Each structure stands twice: as C-alpha cells, then as structure tokens.
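As structure tokens, the structure follows; a few thoughts come after it.
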Amino acid sequence: MNKKALIVVTSVEKYPNMERATGLWLGEAVHFYEKLAEKGYEIDFVSPKGGYTPLDPISLQMFVQPVDWKYYADETFRNKLGNTLQPKDINSDDYNVIYYAGGHGVVWDFPDNIELQEIARSIYENGGIVSSVCHGAVGLFNIKLSNGELLIEGKTVTGFSNAEEIAAELADHMPYLTEDVLKSKGAHYVKADQDFVPFAVADGNLVTGQNPQSGAAVAEKVLEILKNNL
C-alpha cells in the first residue's frame, strides 16, 4: 500500500467582503502532518491555484501549540507551503489519504473545485481515505461518487459548528455556515458537547474533525483505519 498523503490547502488570502487576512489555519495542517510523518508517510500539499498558500495570521495567535512553532520554523515545511502542487499535477493513484485542512479561506475556493473533487473521489473509490478538519469540510460538499451519489450523503460527519462560527464573530461574514450545508447535503452532522475541544468522527473511510483543535484526532483515526486495512 502507498504511504502517501495529500493535504489540501487554500489559495485565498483575504476575506472578499472585508479588509482582513485569511488563509490556512496553520495548526490544522501541522497537527495532521506530524502524526502521519511520524508513521513514515510522504506528504504533499495541493491548493486550487498551486504555489504559495497564505497563512491566517490569527492562527499564529490563537490556540498555538509548541508543535506549530516547530513547523513554522522548519524551512522544508515552509517550502512545501510556498510551493503547493496544482490539482492537474496530482495522480490520485499515488495517494491513499486526502485531507482537507481549513481556515476561512477555503469557504470560497474549496466547494466548487471539480478537479479536487475528482481526486478525492478517485482516492475514496480506490479504497483510500477522505478526511477533513474544521472548515475543510466544505471541500466535501460536492464530491460525487461514480454512481452519482454525494460522498457525504447519509454519512456521519462533523465540521466547524454554527456555535463556533458565532463565537468567532464571523458568522455574519460567511456566505454560508458549514454545519448548515453539511446537513442540507444529507449528512448526519454531529459535534462535541463543548465548543473548541478536539472531536473527530469516522464513518467508513470518511474521517472528519470539528475545529482547529481536531487535526491530530483526525490523523489518529486515519492511521487506525489504515492499520486495520493492511
């Protein structure tokens, strides 16, 4: 089995409707990346436009852990974020995991990217794992399987909750709320009893995490599935 994972990150650097920076929430990539790297996985980064992925500056101020600073200072890791692949560069057969990292930028460039949807569909139908964390779940909205059904329809999933969006004081600036759309697509949405605590769920080969604190929890469930599938 391949030991390669693909992390999807945003190309959006600014909220379209206000003067505020956004981008990748660093910890959401880092915490997943480290867990898989420790198990010997080779990890690539892809974004809708390829090239540089901006970092949400707030992700370097809130919920920051020592591991975040470790990778922020790692030149090899920074170079990966600065030179992400384009979807057209990806051969889905090379990967057995795809992981959609969040940050508010993804709200605008993940849901309608057909190339990324095709990559995820192919990995999933080849027996691989599709996963996401926080707002990264918006990348799952429109993934259709070969039979025409939505990947998430009837599946138990999580993602950034309405309550957390309101607590972040950004609900009014979003074109939609992640929780609402997941439900509207026929998914069974679940969340933790508290906001902003680690929470992840697996439904078959689909693994989702609720918020920025959940990247490592997603990785652990992904690794558990991979181990059981060997």
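The values are calculated or read from the model by the stated rules, or taken from the named source; none is laboratory data. Bear in mind that the values here come from a model prediction, so they are computed numbers and not experimental data. No Cβ is skipped: glycine too gets one built from the backbone with ideal geometry, and neighbour counts run over all protein chains shown. Only protein heavy atoms, including side chains, enter the accessible area calculation; ligands, DNA and RNA are left aside. Shrake-Rupley method; radii C 1.70, N 1.55, O 1.52, S 1.80 Å.
The chain: longest stretch without exposed GluC sites (Glu not before Pro) (DSSP loop, at most 15 other Cβ within 10 Å), sites themselves excluded? Excluding the exposed sites themselves, the longest stretch runs over 20-148.
Kirkwood Rh over alpha-carbon pairs of the chain, then Stokes-Einstein at 4 °C and 1.567 mPa s: what D in µm² s⁻¹, rounded to an integer?
Result for D is 76 µm²/s.
By the equivalent-ellipsoid construction on the alpha carbon gyration tensor, the range 123-185 comes out with semi-axes of 25, 12, 9 Å, ordered largest to smallest. Straight-line reach from LYS183: which aspartates and glutamates fall under 13 Å, measuring Cα to Cα and dropping same-chain residues less than 8 apart? List returned: GLU153. A 1.4 Å probe run over the protein chains yields, for the range 107-230, 41 Å² of accessible area per residue, whole-number rounding. Across all directions, the average flat footprint of the convex hull enclosing the Cα atoms of the range 1-131 is 7.7 nm².
Extent of the range 118-230 along its three principal axes (Cα atoms, max minus min coordinate, largest first): 42, 29, 20 Å.
Per atom type, the range 8-126 shows carbon and sulfur on 47% of its accessible surface, probed at 1.4 Å.
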